[in-house]
Amino acid sequence: MIQVHNLCKRFPTDQGDLLAVDKVSFQVAAGEVYGLLGPNGAGKTTTLRIILGLLQPCSGHAEVDGVQTSANPDQVKARIGFVSAGAGLYQWLTVREFLLFFADVYGVPGDEAKATLERLTGLLDLGSFINQRCATLSTGQKQRVVLARGLIHQPPVMMLDEPTRGLDVAGSQVIFDYISHLREEGKSVIVCTHRLDQAQRICDRFGLLQRGRMIHEGSLSELQAATGRRDLVEMFLDILQVRSIPTESPA
């Protein structure tokens, strides 16, 4: 569903060109959750923006559901649902109006949009506040509306950027259940997060980025075999060359 081939992206700076993405390649199959992970500045967001068709790569290309993002960005956007912790709601619309508005933006026929909204209302438990204005919703309710918006046009591909940022345990569990539902529906899913413990729990395979390059890629067992480390945190500490501070022996 998602194919990324040797992506490169440079940005001009006062000190010369910054190579933000350096020959990055990976793929995500239908029904697979892929964790695109790395510290700040690793190239995660730039890679996502190229896949979404918001940025043109300097070389290489990305495909979504067989469509090249650089050649047909509008077709690609219609095939992707995007969920971000920073995504806002239209405060003066009700939840129903908000979701049907986005269905219309994506060109979903009216009857189909209403049927999808009814399904998502049950799936994400929106019924008790479906007719409330978005401005009146709690943080958890807003979260559920953002998740529903990502699926209102029934895309084959989903991208989640820091989806659990600022959420408590209960709110994070909603995200985990949502991702499990996406997997069951056969969608290709990319998750970007700094929460490595959560990524290890929900993702099938991982791509570990550092300074624009793909350092390691594969399942957890494959990464463990390649690095000799037990978990993603230890792998990243090695990549970042972070060492624990030795404690002094008692006198």
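In this view, the solvent-accessible surface of Asp238, computed with a 1.4 Å probe and all protein chains in place, comes to about 50 Å². Accessible area per residue (1.4 Å probe, heavy atoms of protein chains only) ranks Lys114, Lys44, Lys142 as Lys114, Lys142, Lys44, with the largest value leading. Among Glu162, Glu112, Glu63, the order of accessible area from largest down is Glu112, Glu63, Glu162, computed with a 1.4 Å probe on protein heavy atoms. Beta bridges assigned by DSSP with both partners in the chain are antiparallel in approximately 55 percent of cases. Return one number: the angle in degrees, 0 to 90 and rounded to the nearest 10, between the long axis of the Cα atoms of helix 139-151 and the longest principal axis of the Cα atoms of the chain. Once rounded, the angle reads 80 degrees.
In the chain, the convex hull through the Cα atoms has an average projected area of 17.4 nm², a quarter of its surface area.
Shape analysis of the range 152-193 yields a ratio of the Cα radius of gyration to the Kirkwood radius, Rg/Rh, of 0.98.
Compared with the dominant principal axis of the Cα atoms in the chain, helix 110-123 is inclined by about 60°. What fraction of the Cα pairs in the range 80-159, stated in percent, has a spacing above 21 angstrom? Tail of the P(r) past 21 Å holds 17 percent of the pairs.
Once the mean of 1/r is taken over each pair of separate Cα atoms and inverted, the range 1-58 shows a Kirkwood hydrodynamic radius of 12.3 Å. Just to be sure I understand the curve: with the Debye formula and one point per C-alpha of the range 52-108, what is log10 I(q)/I(0) at q = 0.15, 0.17, 0.22 Å⁻¹? Ignoring solvent entirely, the Cα scatterers give -0.57, -0.69, -0.92.
Any idea what diffusion coefficient the range 130-251 gets from Stokes-Einstein, in µm²/s, Kirkwood Rh on alpha carbon pairs, 37 °C, 0.692 mPa s?
This corresponds to a translational diffusion coefficient of 194 µm²/s.
Note on exposure: Arg144, Arg213, Arg165 ranked by accessible area (1.4 Å probe, complete protein assembly) read Arg165, Arg213, Arg144, with the most exposed listed first. Calculated mean residue ellipticity, 222 nm, the chain: -10500 deg cm²/dmol, from DSSP H runs (n ≥ 4) at -39500 (n - 2.57) each, averaged per residue and rounded to 500.
Would you mind classifying the range 1-105 by shape? Square roots of the alpha carbon gyration tensor eigenvalues, ordered a ≥ b ≥ c; an a/c under 1.5 is rounded, otherwise it is prolate if a/b is larger than b/c and oblate if not. Judged from the Cα gyration tensor, the range 1-105 comes out prolate (a/c at least 1.5, a/b above b/c). Per-residue surface analysis assigns Leu196 an accessible area of about 30 Å², computed on protein heavy atoms at 1.4 Å probe radius.
The values are calculated or read from the model by the stated rules, or taken from the named source; none is laboratory data. Treat the numbers as computed from the prediction; the structure is a model and nothing was measured. Heads up: the accessible areas ignore ligands, DNA and RNA and are worked out on the full protein's heavy atoms, side chains in. Shrake-Rupley method; radii C 1.70, N 1.55, O 1.52, S 1.80 Å.
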